[in-house]
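The structure appears right after this line, and notes come after that.
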Amino acid sequence: MPDKIHFYEPSNGHGLAHDPFNALVAPRPIGWISSRSRDGVLNLAPYSFFNAFNYHPPIVGFSSIGYKDSVRNAEDTREFCWNLVTLQLSEAMNQSCAAVGPEVDEFALSGLTPKPSRIISVPRVAESPVSLECRVTQVVQLAGVDGEKVETWMVFGEVVGVHIAQHLLINGIYDTAAAEPVMRGGGPADYFTVGAANKFQMHRPK
């Protein structure tokens, strides 16, 4: 047990050189979300507040601080696609972070290729080895404990189509480490990836 603890109440400030919250809940998988506006303009943006929330049906979600293009597009078209960010695609992902207007196509900005999905109208990232085609189930504006709405929106989607590169399926099992997924770690610019050396196994008690 640690004998010294730094405690703070977020509403009163953290008293540190950098807000630790993003680094405490980490590393976080990146939701690299492709979407299409009502007018047909493509958008591609990474969200570090992303995760999976249910098995059957499979549901994923991303949270946007501010009502950004991805949220608007998802609400308007009821579709989005999640694309895996790999180590090889990390710089392209970083380019897609650029603060540009809604008329800018981040696929072109990042030098990536939009590839038609099988079920939804939103394209996936052709260079990404894993993509999840999603249909929106809920868009929720978050609120604090006082009930006041905050400028953050959570978008949930049911996964209706899954794309996995064959080389990542070993004897029918997806090899997470081989994909070299990139995750956000907090701090000004910290990211992590997963390697085979980091893996260990624990079986649940019966």
Subject >> Check on Gly111, small (Gly, Ala, Ser) and either touching a helix residue (DSSP H, G or I) at 6+ places or on another chain (Cβ under 7 Å) or under 18 Å from Glu75 (Cα atoms) (or both) >> reply: yes
Original post:
Only one of (1) out of contact with any strand residue (DSSP E or B) (no Cβ under 8 Å at 6 or more places or on another chain); (2) surrounded by fewer than 18 Cβ atoms within 10 Å (Cβ to Cβ); (3) over 22 Å from Arg135 (Cβ atoms); (4) among the small types (Gly, Ala, Ser) is not met by Ala26, so which one is it?
Top reply: (1)
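This table checks each residue for (1) closer than 30 Å to Arg124 by Cα; (2) small (Gly, Ala, Ser); (3) touching a residue at least 12 places away in the same chain (Cβ under 8 Å).
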residue: Tyr8; (1), (2), (3): no, no, no
residue: His14; (1), (2), (3): no, no, no
residue: Asp19; (1), (2), (3): no, no, no
residue: Leu24; (1), (2), (3): no, no, yes
residue: Pro27; (1), (2), (3): yes, no, yes
residue: Ile30; (1), (2), (3): yes, no, yes
residue: Ile33; (1), (2), (3): yes, no, yes
residue: Ser37; (1), (2), (3): yes, yes, yes
Original post:
Residue check: is Asn54 farther than 15 Å from Thr137 by Cβ, over 13 Å from the mean Cα position of the chain (by Cα) and not hydrophobic (A, V, I, L, M, F, W, C)?
Top reply: no
Subject >> Failed item, numbered, when Leu16 is tested on (1) assigned to a strand (DSSP E or B); (2) over 19 Å from the mean Cα position of the chain (by Cα); (3) not aromatic (Phe, Trp, Tyr) >> reply: (1)
Subject >> Enumerated strands (runs of 3 or more DSSP E) restricted to the range 43-129, each holding at least 3 residues that are of a type outside the set (Gly, Ala, Ser) and buried (at least 22 other Cβ atoms within 10 Å of the Cβ) >> reply: 79-83
Subject >> Residue match in the range 79-90 (condition: of a type outside the set (A, V, I, L, M, F, W, C) and touching a Cys at 6+ places or on another chain (Cβ under 8 Å)) >> reply: yes
Subject >> Any pair with Cβ under 6 angstrom, 6 or more apart, that starts in the range 192-206 at a residue that is in a strand (DSSP E or B) and ends at one that is acidic (Asp, Glu) >> reply: Thr193/Glu180
**OP:** Kindly establish whether Gln141 is of a type outside the set (A, V, I, L, M, F, W, C) and under 18 Å from the mean Cα position of the chain (by Cα).
**Re:** yes
Original post:
Which of the following residues is within 22 Å of the chain's Cα centre (by Cα), more than 24 Å from Ser35 (Cβ to Cβ), crowded, with 16+ Cβ neighbours inside 10 Å and among the small types (Gly, Ala, Ser): Gly195, Gly186, Gly157?
Top reply: Gly186
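Can you tell me which of Arg78, Arg72 is in contact (Cβ under 8 Å) with a residue 40 or more places away in the chain and either within 20 Å of Ser117 (Cα to Cα) or of a type outside the set (Asp, Glu) (or both)?
Arg78
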**OP:** Please enumerate the residues belonging to the range 57-80 that are under 10 Å from the mean Cα position of the chain (by Cα) and closer than 17 Å to Val160 by Cα.
**Re:** Val60, Gly61, Phe62
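Only the coordinates and a few stated rules stand behind these numbers; no lab work does. All figures in this text were calculated on a predicted structure; none of them were measured in a lab. Reconstructed Cβ throughout: ideal geometry from the backbone, glycine too, with neighbour counts over all protein chains shown.
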